[in-house]
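Just below is one structure, and these are the notes that go with it.
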Amino acid sequence: MIRRNLPMIRAYQEMYLSRAQSALGEAFDYAINTCNISGNDFVKMFVASSVSKRMENGEPTYIAGKSGIDIVIEIVTETVGKQLAIEQHECLERSQAYWIGWAVAFYQWYSGRKYSEIFKAVSYADLQKLYYTLHEADIMKFADIMDARVKEYFADTNLKRLRTIYGITQAKLAKRSGVSLRSIQLYEQRNKDINKASADSLYRLAKTLGCTMEDLIEK
């Protein structure tokens with residue numbers, strides 16, 4: 001069992017985690033070491049595909065049904081329209097590519113973040129560097145480093161980022177949502193924890209910004 005408090009919202013139960021990690025680890029290993037797709041290119045394909053969304057949503061077929069090879073074939077077919085022939089493959093469980101897929105699958109489940117967000121903050125090359133010091137360490141050390149990198153990259157709170165994208169000022173958001181201007185300012189400055197906001201306030205903000213309540217939560 002994971003030895004710390006986990007985010008409240010997770011797409012699937014921990015009992016399926018090891019299978020999801022193995023599937024993505026094998027997918028990275030197969031794509032990079034057998035099919036000779038560069039790590040950066042495979043990350044782009046994976047993030048652009050519906051497979052990444054299905055995995056982060058916890059769809060059983062993708063976290064516990066498909067093999068890594070099946071996943072790669074589907075990703076390549078969907079993103080570049082190329083039929084990938086199945087090649088003989090021996091999965092080296094702790095190859096660098098396998099570990100990267102395996103570790104990122106854990107962090108996605110643990111943090112609840114989207115794969116697209118994770119790979120914006122940390123590139124494949126960054127993950128390769130982490131491999132040398134972390135591949136034999138407790139996975140929570142990897143999670144801690146990833147948390148720091150992701151939070152550094154996404155310096156703005158989710159509320160501020162979504163408000164900016166929507167193109168609305170704090171004052172207008174307060175007027176339309178009914179949430180006080182001072183509360184919005186404090187949430188965006190991280191001087192007040194939006195995760196502890198009332199369900200009513202979160203609902204009003206989310207409805208005004210056209211997002212879900214979960215989108216406003218800081219992970």
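Where a number appears in this text, it was derived from the coordinates with a stated rule and is not lab data. Remember, it's a predicted structure, so these values are computed and weren't measured experimentally. A quick note on method: Cβ atoms are made from the backbone with ideal geometry, for glycine too, and the neighbour counts reach across all protein chains shown.
Annotations
- The angle between the Cα long axis of helix 17-29 and the longest principal axis of the Cα atoms of the chain comes to about 60 degrees, rounded to the nearest 10.
- Loop-located GluC sites (Glu not before Pro) in region 91-142 whose Cβ has at most 12 other Cβ within 10 Å (DSSP): Glu93, Glu136
- Over 25 Å between alpha carbons, listed pairs Lys53/Lys151; Lys114/Lys172; Lys114/Lys141; Lys44/Lys151; Lys175/Lys196; Lys53/Lys175: Lys114/Lys172; Lys53/Lys175
- Filtered trypsin sites (Lys or Arg not before Pro), region 93-193: DSSP coil and at most 16 other beta carbons within 10 Å: Arg94, Lys114, Arg190, Lys192
- Each helix, a run of at least 4 DSSP H residues, gives -39500 (n - 2.57); summed and divided by the residues of the chain, these come to -18000 deg cm²/dmol at 222 nm.
- For the chain, a crude dipole built from +1 on the beta carbon of Lys and Arg and -1 on the beta carbon of Asp and Glu, taken about the Cα centre, is about 1420 debye to the nearest 20.
- Residue with peak Gaussian network fluctuation, the chain [Cα springs, cutoff 10 Å], from Gly167, Gly25, Gly58: Gly167
- Gap separating the Cα centres of region 167-191 and region 107-165, nearest whole Å: 27
- When the charge dipole of the chain is built from unit charges on Cβ atoms (+1 for Lys and Arg, -1 for Asp and Glu) and taken about the Cα centre, the candidate among Gln189, Ala137, Ala125 whose Cα reaches farthest toward its positive end is Gln189.
- Cβ-based charge dipole, region 39-110, positive-most Cα from Ile86, Ala103, Ser67: Ala103
- Here the gap between Ala137 and Ala11, fully extended at 0.36 nm per residue and compared with their Cα-Cα distance, gives a gain of 42.8 nm.
- For the chain, built as a Gaussian network whose Cα springs stay under 10 Å, the top-fluctuating residue of Gly65, Gly101, Gly178: Gly178
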